[in-house]
Amino acid sequence: MGGVLVGFSIIGFVILVGYLVARLGIAGAGADRVLNRIAFFVATPALLFTVLAHADARVLFSSFLLTSLCSVLLGAGLYLLIARLFFHTGVAETVLGAAASSYVNANNIGLPVAIYVLGSARFVAPILLLQLLVLAPVILAVLDVSTKGRMSVRGILSQPLRNPMIIASAAGVLVSIAGVQLPDPVLAPLELLGGAAIPLVLLAFGMSLRGERLLRAGSGRRLVVAATVIKVAIVPTLAYLFGRFVFALDPAELFGVVTVSALPTAQNIYNFAARYDRALTVTRDTVLVTTLASVPVLLLIAALLGPGR
């Protein structure tokens, strides 16, 4: 438990530094977007490649992944049911709400939590690949059809080939499966670049929090509350039930899958909303509220399932 608290303290401190940097105007306007782009295109792909190249490939295609998939699908399905019965929102808004209730921030928050709390980034690799390779294309396909009346199959199918994190992850998995031992001159610069990923994304996230107002009247607060409860409470509970009673995960994997499932909503969902100009306020507020609410939930999970329990 002490190690978990130290891990969250490290993460929180760097986010706070990012917020103060933005508050004091040290880096100038748009600096958070610059940091995010460097992390997205350079540092995080390097980190994912080096982590996955050394990972046990069996973890990537195992009951761990099936547990994550079941909890995500049931969480999203619950939101769809609630939206159908009570909210009566449009297709695009409903899909974005369902995504906000189940699509985890496996990059910006997940990687730091995995490294500092779970002890290895390998725990976020399965859900990261699932989201990037399967869930994101499905979400984008539905948004294309519901907002434009047509679907760009070519754009959706080619999306993984245009995402550096997917390319790096796939390359790392291939190296792991093939059992290739890369020489130090190849790994060393990638490990150096990858070491910058977590500080960059945490600083950028902290900077992005400046000036945000949450849950304004008329902003879809009921939708945000529903998505938040599902994301930080129901989905982790489902992950625990499936992980323990259906797939019989060992204690370390059970702790890992429940922790990953309790991560806040990914900022990608807001990016999708902005791209299609639908549910911008709801998705933005859900990202921020789940980020705040996930901290005590993650601490509770660590206290109940963490090492030594």
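Any read-out appearing in this document is the output of simple, stated calculations on the displayed coordinates, not a laboratory observation. Because the structure is predicted, anything quoted here is derived from the model rather than measured. Cβ sites come from the backbone with ideal geometry, for glycine too, and all protein chains shown count toward neighbours.
A simple packing score, the average count of other Cβ atoms within 10 Å per residue, orders the peptides 78-87, 263-272 as 263-272, 78-87, with the highest score first. Here r is the Cβ-Cβ distance between Leu81 and Leu161 and R0 is 51 Å; the resulting FRET efficiency, rounded to 0.05, is 0.90.
Percent of C-alpha pairs per 10 Å bin in region 28-122, short distances first: 14, 31, 30, 22, 4.
At an R0 of 41 angstrom, the distance between the Cβ atoms of Arg275 and Val180 translates into a FRET efficiency of 0.65. The fewest-to-most ranking of Thr67, Thr147, Thr291, Thr228 by surrounding Cβ atoms within 10 Å reads Thr147, Thr291, Thr228, Thr67. Relative contact order of region 2-305, taken over Cα pairs closer than 8 Å and 6 or more residues apart, is 34 percent. Shape summary: region 158-309 maps onto an equivalent ellipsoid whose semi-axes, from the alpha-carbon gyration tensor, are 31, 24, 16 Å in decreasing order.
Running Debye on region 2-305 with equal point scatterers at the Cα sites and no solvent, what base-10 log of I(q)/I(0) appears at q = 0.07, 0.11, 0.16 Å⁻¹? For region 2-305, the Cα-only Debye profile gives -0.25, -0.65, -1.45.
Calculated FRET efficiency, Leu241 to Ala29, Cβ-Cβ distance, R0 = 35 Å: about 0.15 to the nearest 0.05.
Spin-label pair Val42-Ala303: with each label point 7 Å from Cα along the Cα-Cβ axis, the two points sit 4.2 nm from one another.
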